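Report on one structure; see the data block that follows.
Please treat every number below as a calculation from the coordinates, not as lab data. Just so it is clear, the structure is predicted and the values come from calculations on it, not from any experiment. Ideal geometry is used to build each Cβ from the backbone, glycine not excepted, and the neighbour counts take in all protein chains shown.
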Amino acid sequence: MNADGVKNLDRMQIQSGAAALESVNRMVLPTAVEILAESFSGLGPKIHRDACRRLDDLKNKYGDKLPYLIGLSARETWFALYDGAGTIALMIAEGVLADSDQSRYLATAEGYGEDEGVACALYNHLARSPASHQQTTIQDYTPFEGRPSWYDILESAALYWFAEAAGSYRAGNVEGAFNWISEAYDALSLSLLDKGSSEMMKDAHSYLASRGAKQMLAKSPKQKDKATVRECWETWQKRPDSYDSKAAFARDMREKFPNLESQPVIEGWCRKWEHESKPSVS
């Protein structure tokens, strides 16, 4: 991407960020969200243990401020979805991205979240340079001493999504429950990057943010690659000996299609396609 392209994209992201902030404020989301061990009832034993362990870890660290952190993570998530969708909408309006049913769907918070993965959208938002987005990002850090770490925000979002999964399951929405579980584990995987913070990891965050910006201008190729990966996945289902696991499949696809973001994202697609392919039970 040349200098003018980067400058133009920065302008669009700042515009979309301002609009995203307005959208989040209009939602009147709760400042604090209380989540207890009981919130995960209905999930399998392993998932329940994982969620409770994360809950205990964050409780020990944040105490009675944890509900505020979970509320913050929810607002940051919605900001990330509206921000990404808004940038896509501007790209369509300015002729950078072709206008189609698919691109218009990507220009909605729901479509952007489905395409990027909600956890990845949140991570990419948190990884951006605060200097270029300080006027538009969520900044309600009053209960905390400064901004909470990225991995704490990601883990808090994972707790929220585990609770959403349990609620979906209890309501009989099994597919929705699996989708939220997938997002929660993706968030936990991404949070591990920040727990190993060092100068090298900071450079990696800068690279990820830059790469994410460049890939916004390559949405159409990415969609084509994703469709091809779906075809490869369907072939794998017919020949299960081709790969030992979703991780092995995702690694191979990531090597073959450099436009795609990461192995966890591709694994998330696999889980989603797997659930979609299962016959519904009436």
Subject >> Ranking of TYR82, TYR185 by count of other Cβ atoms within 10 Å, fewest first >> reply: TYR185, TYR82
**OP:** Find how many whole Å separate the alpha carbon centroid of the stretch 162-192 from the alpha carbon centroid of the stretch 27-57.
**Re:** 10
Original post:
What order do you get for CYS52, CYS270 when you list them from fewest to most C-beta neighbours inside 10 Å?
Top reply: CYS52, CYS270
**OP:** Output ³J(HN,Hα) for the stretch 21-34: one whole-Hz value per residue in order, computed from phi by the Karplus curve 6.51 cos²θ - 1.76 cosθ + 1.60 with θ = phi - 60°, and x for Gly and Pro.
**Re:** 4, 5, 4, 5, 5, 5, 6, 6, 6, x, 6, 10, 10, 7
Original post:
In what sequence, highest mean first, do 54-60, 26-32 appear when ranked by Cβ atoms within 10 angstrom?
Top reply: 54-60, 26-32
Subject >> Net charge, LEU58 excluded, C-beta distance under 9 Å - Lys, Arg +1, Asp, Glu -1 >> reply: -1
Original post:
Which of the peptides 102-109, 120-127, 149-156 is most tightly packed, and how do the rest follow, going by the mean number of other Cβ atoms within 10 Å of each residue?
Top reply: 120-127, 149-156, 102-109
Original post:
When ranked by the protection proxy of mean other Cβ atoms within 10 Å per residue, highest first, what sequence do the peptides 171-179, 157-165 form?
Top reply: 157-165, 171-179
